[in-house]
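Asker: I have a structure here, written as structure tokens, and I will follow up with some questions on it.
Each reported figure results from applying straightforward, stated rules to the coordinates on display, with no laboratory input. These numbers were taken from a predicted model, which means no experiment stands behind them. Glycine also receives a Cβ, built like all others from the backbone with ideal geometry; neighbour counts cover every protein chain displayed.
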Amino acid sequence: MVMGWASSEWLVQHQTLWILDFGSQYTQLIARRVRELGVYCEIRPCTDAAPDSFPENLVGLVLSGGPASVLGDDAPDFDMRWLDCDVPILGVCYGMQLLAKHHGGEVVRGVSREYGLAHVFLEPDPGPLFQDFTTDDHRIVWMSHGDHVEQAPPGFQVCARSASGIVAAMQAKDAPVYGLQFHPEVTHSRHGKALVARFVVDICGARGDWTPGVFVEEHIAQLREQLGDDHVICGLSGGVDSSVVAAMLHQAIGENLTCIFVDNGLLREGEAEQVRAEFQDFNLIVSDASDLFLDALLGVTEPEKKRKIIGELFIRVFEQEARNLPAVKWLAQGTLYPDVIESVSVRGPSATIKSHHNVGGLPDDMQFKLIEPLRELFKDEARAAGEALGLSAQRVWRQPFPGPGFAVRCLGEVTRERLVHLRKADAIVREEIKNAGLEREIWQSFCVLLPVRSVGVMGDERTYEEACAIRAVYSHDGMTADVVPLPWPLLQRMSSRIINEVRGINRVAYDISSKPPGTIEWE
Ligand code: XMP
């Protein structure tokens, strides 16, 4: 198996908060809220054994929500020694029910679920978490649970109740242990951010010593020390993540870095030329491997299979190119934190939705050790790191493009002919979005080619061609997304241009699904 970069070593100096993931879809949002406060945090599976001694830089522990019931057989295994840690603990939803059960309170199965916006009612002394929570607005929270705490444990006080009288928040009387039945991490909880800040800053005493500038500076020094005279190749896609990694490594080891841009035949129009122009000062190899990828994908329609094939071929191309270089020991990738988390499936915690190619698809016999300096960052943090490194605004604010490229936007079989159609349609969407000045505010805007033919008429002729869907979403980090209500004239222009200019597509639809329940990419 590949060796990971010992990413946490340098973190010893930084205060850290751990979030134990019991499988909630919102766990990553807790991490985001904590990071927004400049406090480093890590998500760990709830099934991890508690350490024998807790690190000195640990300032707090959060127990996330989760889909299981603390009363059921499906409750994930949990090492109760975690609760002996000497730092403040916050249990959210499932986490609170776990605390209640462990300390001798009463948790009952809900006859009716509380889901959605709710009002909570504070007790006369609601404790430090709710200090200054005085207005009606402060009481609006997001609930999503079945079970609930009927009776707070001995030694705990109730801080708030929901309209139906159930315990919405509780705290231990003589220890910094807190529980919230609702989700402060979700933006619908109007003052949820303030609650998280109260816990992290005031109760855990975190100083907020973690910023993208600090991250970049420390990691460059760390990379320089760790890599010494080793040669490194960096898979450069031109996207912000791999560009940030390349720029960090360039500063750390200069000429010992070779960037490899793989033209896999699944790229957008003009991509290879742009990368060549922008990274001309770096050691850059542009490897044309399109036939290799496209031949391997012939006949493959299953999305996960496409990803695995592509992930493996990337590595084979890197290995091939590396043979012409001085002994290469390391492969650097722009893997981000959500890729890591979404690709790790542990019992109970957040299940694998898609294996991202640069994490899930690596062959076991890979010859390189892996460096992934951005493994701890969310996308917007990677962008901030890019700015701290002085990358151009165009590079830093480029919309994300998935590693498997058009393979996951060409639904069904990926043929050369279909890719030509998709590439043209995609170029039209990009051009129109850019001309409308919307490129930066939109997280992603693109086209998906559907393996569905429908009848149309052009001039006097019947057409029987495929359809494409336009997708445009707002997002902060790709974890959740909202549909962009694109102006109608813009949609009409895109539609008529695609149908007129792209032979092979005769129908255009607009995807109006948010994430969740949809994902951003269709595959
Ligand atoms: P989904 O489709 O999971 O996408 O909602 C979330 C974000 O991740 C990008 N994405 C990928 N990026 N390799 C990547 O490098 C992949 O396999 C991959 N799949 C999705 C997607 O474009 C969106 O920004």
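Asker: Contour minus end-to-end for TYR510 and GLU217, with contour as 0.36 nm per residue of separation and end-to-end as the Cα-Cα distance?
Answerer: Contour length minus Cα-Cα distance gives 101.2 nm.
Asker: Ok, one more. At a Förster radius of 25 Å, what calculated FRET efficiency corresponds to the Cβ-Cβ distance of GLU501 and ASP288, to the nearest 0.05?
Answerer: Working: r = 27 Å, r/R0 = 1.06.
Result of the calculation: an efficiency of 0.40.
Asker: What is the packing order of peptides 74-80, 228-234, taking the mean over residues of other C-beta atoms within 10 Å and listing the highest first?
Answerer: 228-234, 74-80
Asker: Which angle from 0 to 90°, rounded to the nearest 10, does the C-alpha axis of helix 212-227 make with the longest principal axis of the chain?
Answerer: 70 degrees
Asker: Moving to a separate point now. Quick one: which residues, 5+ away or cross-chain, put their amide H under 5 Å from the amide H of ILE260? H built at 1.01 Å from N.
Answerer: Distant-sequence amide H within range of ILE260: CYS234, GLY235, LEU236, ILE285.
Asker: Output the 0 to 90 degree angle, nearest 10, between the alpha-carbon long axis of helix 416-435 and the longest principal axis computed from the alpha carbons of the chain.
Answerer: Once rounded, one gets 70 degrees.
Asker: Oh, and also: In nm, to one decimal, how far is the ASP229 label point from the GLN157 one, both placed 7 Å along Cα→Cβ?
Answerer: About 6.6 nm, to one decimal.
Asker: Working from Cα positions, state the angle (0 to 90°, nearest 10) between the long axis of helix 240-253 and the longest principal axis of the chain.
Answerer: Once rounded, the angle reads 90 degrees.
Asker: So which GluC sites (Glu not before Pro) in segment 407-487 pass both tests, a DSSP loop state and at most 13 other Cβ atoms within 10 Å of the Cβ? Don't skip to the end; give the middle numbers.
Answerer: Numbers: sites: GLU413, GLU417, GLU431, GLU432, GLU439, GLU441, GLU461, GLU465, GLU466; in loops: GLU413, GLU439, GLU441.
Listed in order of number, the matching sites are GLU413, GLU441.
Asker: All other residues with a Cβ under 12 Å from the Cβ of ARG109 taken together, and with Lys, Arg as +1 and Asp, Glu as -1, what is their net charge?
Answerer: Taking every other residue near ARG109 into account, the sum is -2.
Asker: With point charges of +1 on the Cβ of Lys and Arg and -1 on the Cβ of Asp and Glu, referenced to the Cα centre of segment 409-510, which listed residue (CYS468, ALA425, VAL414) lies farthest in the positive direction of the dipole?
Answerer: Final value for the positive-end residue is VAL414.
Asker: What do you get when you divide the Cα radius of gyration of the chain by 2.2 N^0.38 Å, with N the number of residues?
Answerer: The chain yields a ratio of 1.05.
Asker: Output the Kirkwood hydrodynamic radius of segment 409-510, Cα pairs only, in Å rounded to one decimal.
Answerer: After inverting the pairwise mean of 1/r, the radius is 14.1 Å.
Asker: Something else now. Where does each of 502-512, 306-316 land if you order them by average Cβ count within 10 Å, highest first?
Answerer: 306-316, 502-512
Asker: If you take the C-alpha gyration tensor of segment 9-203, multiply each eigenvalue by 5 and take the square root, what semi-axes do you get, largest first, in whole Å?
Answerer: Whole-Å semi-axes of the equivalent ellipsoid: 24, 19, 16.
Asker: Roughly how large, in nm² to one decimal, is the mean projection of the convex hull of the alpha-carbon atoms in segment 361-407?
Answerer: Across all orientations, segment 361-407 yields a mean hull projection of 4.8 nm².
Asker: If you don't mind, there's one more thing I want to ask. Express in % the proportion of alpha carbon pairs of segment 138-271 at distances exceeding 17 Å.
Answerer: Across segment 138-271, Cα pairs with separations above 17 Å total 73 percent.
Asker: What residues qualify as long-range amide H neighbours of SER189, i.e. H under 5 Å apart, gap of 5 or more or another chain, H built at 1.01 Å from N?
Answerer: Those lying under 5 Å, H to H, from SER189 are TRP142.
Asker: Okay, next question. For segment 198-336, max minus min Cα coordinate along each principal axis, in Å, sorted largest first?
Answerer: 57, 37, 27
Asker: How large is the dipole of segment 212-396 about the Cα centre if only Lys and Arg carry +1 and Asp and Glu carry -1, each at its Cβ, rounded to the nearest 20 debye?
Answerer: 420 debye
Asker: Taking the DSSP beta bridges in the chain as the whole, what percent of them are antiparallel, to the nearest 5? It would help to have the intermediate numbers written out before the result.
Answerer: Working: 36 of 76 bridges.
If I count the DSSP bridges inside the chain, around 45 percent turn out antiparallel.
Asker: Follow-up. If I model a spin label as a point 7 Å beyond the Cα along the Cα-Cβ vector, how far apart are those points for GLN131 and GLU441 in nm?
Answerer: Reported label-point gap for GLN131 and GLU441 is 3.9 nm.
Asker: Using each residue's phi in segment 466-476, evaluate 6.51 cos²θ - 1.76 cosθ + 1.60 at θ = phi - 60° and report the 3J(HN,Hα) Karplus result to the nearest Hz, with x for Gly and Pro.
Answerer: For segment 466-476, the Karplus curve yields 7, 10, 10, 10, 8, 10, 9, 10, 8, 6, 9 Hz.
Asker: FRET efficiency for LYS305 and ARG81, Cβ-Cβ distance as r, R0 = 51 Å, nearest 0.05?
Answerer: Step by step, r from the Cβ atoms, then E = 0.80.
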